Amino acid sequence: MALSWRSWLANEGSKHLFLFFWLSLNVWLFGKTFLLYNQGLQYYYLHQMLGLGLCVSRASASVLNLNCCLVLLPMCRVLLAFLRGSQKVASKKTRRLLDKSKTFHVTCGITICIFSVLHVAAHLVNALNFSENYNEEYVTLNAANYRGEDPRKLLFATVPGLTGVIMVLILFLMCTASTYAIRVSNYDIFWYTHNLFFVFYMLLMLHVSGGVLKYQTNLEEHPPGCFNPNKTLRQNLTVPKAFEELFPDYTTEPFPEDLPVPEPFVQNGFMRVCSEEPKFQSNFPETWLWISGPLCLYCVERLYRYIRSNKPVTITSVISHPSNVLEVRMVKDDFEARPGQYVILHCPRVSALESHPFTLTMCPTDKKATFGVHLKVVGDWTERFRDLLLLHSNQDTEILPIFQQRRYPKLYVDGPFGSPFEESLNYEVSLCVAGGIGVTPFASVLNTLLDGWKCYKLRRLYFIWVCRDIESFRWFADLLCMLHNKLWQENRPDYINIQLYLSQTDGIQKIIGEKYQALNSRLMIGRPRWKLLFDDIAKCNRRKTIGVFCCGPNKISKILHKLSNSSNSYGTRFEYNKESFS
């Protein structure tokens, strides 16, 4: 069980501990701010008017400031790629935390949604209290203009109210479009609504500049609950005899004989006297301090990415593979990438604003400058992109040489950006599991090993590839065969263990062609028996740490994740990694 605990801590425990810490931090910040506005003397008069609505609205606002500040950081892809490849982040565990950037982004987004509901509900109560509890003594403290004013005017006729309503609508669109069902059925809706974040932040800056909530500035001159003799006289109230010596100029009428003298007026220990009216001032918009830094950082990065990717790449060849897979090979000046990284493709003729991430299947090296991607033709964007690249989209294979470059549309490449698969070469033993087109991250790793494997820490690679149809294996059949033959020639046949699984078959059980004979012997019908596979790998690699990398369906991912957290009798520890575009 001790090994199981360490495996859980290495794989899932760190994420759970971080989420627990993040939840605790938000709750602590909410409670701290709540107590400040509930007990702070500077908010005494405002609290008397609004009650707990003031405390909840300000406490939720502090949590929103924190999360709106940090939700942008996981989207700084260049910064994450730099940290992942920087020598300053030498710890593998620290680098693996960067793989949770998408999880952190989603966590901040969910937190924003939850506390936005609290914030809106509290301000609805505040608008009603401003109207019903209008106080003529403190005119500057009131957001309403008179008692009984329609609260809807505060929501739709003021800058804070109107911007708040619009932000709620934008947040609702972003949240609903972020659900799995919408992202899968229509990614365009998710992409366009998510880019409303810039409008959201501009409105947020306007929202906090209204200065609706005010605090008292002269606490020393006017402590809350004190006695103001000037105010007493203006209200035509008589002063008790106890104050005749202290305020002789203000004593014009005798205190009624039938009324007792209040104790606080005659006991110096309880006497609180002031000479000024309370003065109020709007809170400084702290939201600017929270979001200005991350927003500027994000904008600078986007500007840098725009400058870096404003020159179109040179497409050298386009290949149409079986099962609706398109391969695009390109060349770009000064382009460098590491195995496992991904790029973002933007084709203006397909969509003026839309762009999509694709994992590199071929990285540039010292010997060749070509890099490439494989993309599955699913959805409107990839279909239009394929039709523009191929002269006849119904042909099985078409390779267009570079002298026909004029036929290609302009294509811009942004990146590269980091992913968990960069770590696959940093383990002594790695298990790479791919499902269908999920093989693309491992293709760049295999291409890199084909160029030379001795300079990396990796000494044994288990490669598992599961496909539904036999033709899908032909995407990288040549690459697998070349790597297999190279390792045999170098007397290292045990360096890579290739297992191909055909989950569905119509009777075809062999990859067409004699040149794929090495793969035919490694092709199996059915699905992998994952438990036996893990036990066998653990037995052959006793007391070692094995990196587990998965890119495929969630069902396979969950199984591998669970097995990585399980204990075994061989002292082997599995560290789980999963592909996730940020």
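Working only within region 282-305, note down all residues that are in contact with a Phe, Trp or Tyr (Cβ under 8 Å, 6 or more places away or on another chain) and either open to solvent by 100 Å² or more (accessible area, probe 1.4 Å) or in a helix (DSSP H, G or I) (or both).
Result: Ile291, Leu295.
Give the number of residues within region 530-561 that are open to solvent by 20 Å² or more (accessible area, probe 1.4 Å), more than 24 Å from the chain's Cα centre (by Cα) and within 11 Å of Phe574 (Cβ to Cβ).
2
Quick check on my filter: what residues within region 373-420 are among the β-branched types (Val, Ile, Thr) and at pLDDT 80 or above?
Passing the criteria: Val373, Val377, Val378, Thr382, Val413.
Can you tell me how many residues within region 462-485 are in contact with a Phe, Trp or Tyr (Cβ under 9 Å, 6 or more places away or on another chain) and open to solvent by 20 Å² or more (accessible area, probe 1.4 Å)?
Within region 462-485, residues that are in contact with a Phe, Trp or Tyr (Cβ under 9 Å, 6 or more places away or on another chain) and open to solvent by 20 Å² or more (accessible area, probe 1.4 Å) number 2.
Of Ala127, Ala177, Ala181, which residue is buried (at least 17 other Cβ atoms within 10 Å of the Cβ) and under 30 Å from Phe421 (Cα atoms)?
Being buried (at least 17 other Cβ atoms within 10 Å of the Cβ) and under 30 Å from Phe421 (Cα atoms) holds for just one of Ala127, Ala177, Ala181, which is Ala177.
Tell me whether region 453-467 contains one or more residues that are at pLDDT below 85 and either closer than 16 Å to Asn497 by Cα or touching a His at 6+ places or on another chain (Cβ under 7 Å) (or both).
Scanning region 453-467, I find at least one residue that is at pLDDT below 85 and either closer than 16 Å to Asn497 by Cα or touching a His at 6+ places or on another chain (Cβ under 7 Å) (or both), so the answer is yes.
Quick check on region 106-124: of everything there that is open to solvent by less than 80 Å² (accessible area, probe 1.4 Å) and among the aliphatic types (A, V, I, L, M), which residue is nearest to the chain's Cα centre (by Cα)?
Val106
Confirm whether Leu141 is farther than 28 Å from Cys299 by Cα, touching a strand residue (DSSP E or B) at 6+ places or on another chain (Cβ under 8 Å) and buried (at least 17 other Cβ atoms within 10 Å of the Cβ).
yes
Can you tell which of Lys311, Lys367 is touching an Asp or Glu at 6+ places or on another chain (Cβ under 9 Å) and closer than 30 Å to Cys455 by Cβ?
Lys367
Output the number of residues of region 329-346 satisfying the condition of being assigned to a strand (DSSP E or B) and over 20 Å from the mean Cα position of the chain (by Cα).
The total comes to 5.
Can you tell me which residue within region 412-441, out of those that are among the hydrophobic types (A, V, I, L, M, F, W, C) and under 19 Å from Leu519 (Cα atoms), is most open to solvent (accessible area, probe 1.4 Å)?
Filtering first and then ranking leaves Ile437.
Please find, among Asp469, Asp478, the residue that is closer than 21 Å to Lys367 by Cα and of a type in the set (D, E, K, R).
Criteria check complete, one pass: Asp478.
Pairs please, first residue from region 480-495 and farther than 22 Å from Glu428 by Cβ, second anywhere and of a type in the set (Ser, Thr, Tyr) and part of a helix (DSSP H, G or I), Cβ atoms under 8 Å, 6+ apart in sequence or on different chains.
Within 8 Å, the pairs are Cys481/Tyr516.
Against the conditions (1) within 17 Å of the chain's Cα centre (by Cα); (2) modelled with pLDDT of 90 or more, where does Pro74 fall short? Just the number, please.
With (1) within 17 Å of the chain's Cα centre (by Cα); (2) modelled with pLDDT of 90 or more applied to Pro74, the lone miss is (2).
Is it the case that some residue within region 500-517 is open to solvent by 60 Å² or more (accessible area, probe 1.4 Å) and within 23 Å of Val373 (Cα to Cα)?
No: region 500-517 contains no residue that is open to solvent by 60 Å² or more (accessible area, probe 1.4 Å) and within 23 Å of Val373 (Cα to Cα).
Within the group Ser444, Ser521, which residue is hydroxyl-bearing (Ser, Thr, Tyr) and open to solvent by 60 Å² or more (accessible area, probe 1.4 Å)?
Ser521
When both residues are 6+ apart or on different chains and their Cβ atoms are under 6 Å apart, which pairs have a first residue that lies in region 325-354 and is within 23 Å of Trp475 (Cβ to Cβ), and a second that is open to solvent by 50 Å² or more (accessible area, probe 1.4 Å) and among the small types (Gly, Ala, Ser)?
Val331/Ala369
The conditions are (1) among the β-branched types (Val, Ile, Thr); (2) within 13 Å of Val433 (Cα to Cα); (3) at pLDDT below 85, and Ile511 fails exactly one of them. Which is it?
Every listed condition holds for Ile511 apart from (2).
Out of the residues in region 81-97 that are surrounded by fewer than 20 Cβ atoms within 10 Å (Cβ to Cβ) and closer than 26 Å to His194 by Cβ, state the one that is modelled with the lowest pLDDT.
Step by step, filter region 81-97, then rank; the result is Leu97.
Cβ-Cβ distance below 7 Å, separation of 6 or more or different chains: which pairs start in region 104-131 with a residue that is without any contact (Cβ under 8 Å) to a residue 24 or more places away in the chain and end on one that is among the small types (Gly, Ala, Ser) and open to solvent by less than 30 Å² (accessible area, probe 1.4 Å)?
As it stands, the answer is Ser131/Ala144, since those pairs meet every condition given.
The values are calculated or read from the model by the stated rules, or taken from the named source; none is laboratory data. Quick caveat: nothing in here was measured; it's all calculated off a predicted structure. Don't worry about glycine lacking a Cβ; one is built from the backbone with ideal geometry, like all the others, and counts go over all protein chains shown. Heads up: the accessible areas ignore ligands, DNA and RNA and are worked out on the full protein's heavy atoms, side chains in. Shrake-Rupley method; radii C 1.70, N 1.55, O 1.52, S 1.80 Å.
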